[in-house]
1. If only one of Phe214, Phe163, Phe190 is open to solvent by less than 20 Å² (accessible area, probe 1.4 Å), within 16 Å of the chain's Cα centre (by Cα) and not hydroxyl-bearing (Ser, Thr, Tyr), which one is it?
2. Show the residue pairs that are 6+ apart or on different chains and have beta-carbon atoms under 9 Å apart, the first residue being within segment 179-192 and among the small types (Gly, Ala, Ser), the second being open to solvent by 40 Å² or more (accessible area, probe 1.4 Å).
3. Quick one: what pairs do we get from segment 60-89, first residue free of Cβ contacts under 8 Å to residues at least 40 places away in the same chain and under 17 Å from Glu164 (Cβ atoms), second in a helix (DSSP H, G or I) and open to solvent by less than 10 Å² (accessible area, probe 1.4 Å), C-beta under 9 Å, 6+ apart or different chains?
4. I need a count of the residues in segment 66-98 that are within 17 Å of the chain's Cα centre (by Cα), of a type in the set (A, V, I, L, M, F, W, C) and open to solvent by 10 Å² or more (accessible area, probe 1.4 Å).
5. Could you count how many residues in segment 116-141 are surrounded by 13 or more Cβ atoms within 10 Å (Cβ to Cβ) and either within 19 Å of Ala193 (Cα to Cα) or in contact (Cβ under 8 Å) with a residue 24 or more places away in the chain (or both)?
6. Please state which one of Val228, Val220 is β-branched (Val, Ile, Thr), open to solvent by 30 Å² or more (accessible area, probe 1.4 Å) and assigned to a helix (DSSP H, G or I).
7. Only residues in segment 99-115 that are surrounded by fewer than 14 Cβ atoms within 10 Å (Cβ to Cβ) count as the first member; pair them with residues that are outside any helix (DSSP H, G or I), Cβ under 9 angstrom, at least 6 apart or cross-chain, and list the lot.
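The values are calculated or read from the model by the stated rules, or taken from the named source; none is laboratory data. The shown structure was predicted, so the numbers you read here are calculated from the model rather than taken from an experiment. No Cβ is skipped: glycine too gets one built from the backbone with ideal geometry, and neighbour counts run over all protein chains shown. Ligands, DNA and RNA are stripped out before the accessible areas are found, and what is left, the full protein with its side chains, is counted by its heavy atoms. Shrake-Rupley method; radii C 1.70, N 1.55, O 1.52, S 1.80 Å.
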Amino acid sequence: METELECPQINKNELELSEEQEEFDWGDEEEEKKKPFQDVSATGILNKIGDILLLHFAVLICSLPIVTIGASVSAGTYVGMKLASGTEGGVLGNFIKGFKENFKRSTIYFLAAVAGFFAIYNSYSYWISVEGSVGNGMACISVGLAVAWVMFVLYVFAVQAKFENTLMATAKNAILMAVRHFHITALMAFIVAVAVWLFAEFMAVQALMAVSGFGIMFYVMGKLYNLVFKCYIN
């Protein structure tokens, strides 16, 4: 059963979104009604699986230099949203396009994300070793910062992939969206946490993730990002 997402009222002075890099073709009302019945043939299913596998290996290969992980995540999210909306086109062509367009800024966000997690982890490790209420209180604050930082990271690469804006405006919009759509943000975090747990516990899941994990994750997350972003597309 499908449910409609109630979109919040956006204060334009608060949320500075500019023109999208590429607008999804959501189609008219009749096309929306037909979407659940599209690509249900064996060929359509196989093509979708092939696209997901191709996306997985594109993300995996382009992430190997480590420093390019941010650009790979943005490009993977860009393609995942297209796959989820049924407007995919060519997976490799779209991936390369997203990788090149978002490389510089996504790399900055990736380095900032790593530095942020490292700083929060060190802060928590220090304060947890301090006895007394001060240490416990500061450790709780560190945990709160970690939660906020996870919410930011969940959105910043997707916002960068979808909207063209300044570095600071993209970061601000990622935080605002994560808070405004907290129910979806929580679902995203839950999906990632469950995927990590399954990967750590079961060899069968490890085998599956090795050949298709990134593709599956970006496809599933793409559906959730589409729910959020359609509230900001005129």
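1. Criteria check complete, one pass: Phe163.
2. Ala189/Val147; Ala189/Val150
3. Ala71/Gly98; Ala71/Asn102; Ala71/Ser106
4. 3
5. So the answer is 3.
6. Matching residue, one of Val228, Val220: Val220.
7. Between residues of segment 99-115 that are surrounded by fewer than 14 Cβ atoms within 10 Å (Cβ to Cβ) and residues that are outside any helix (DSSP H, G or I), the close pairs are Leu111/Val67.
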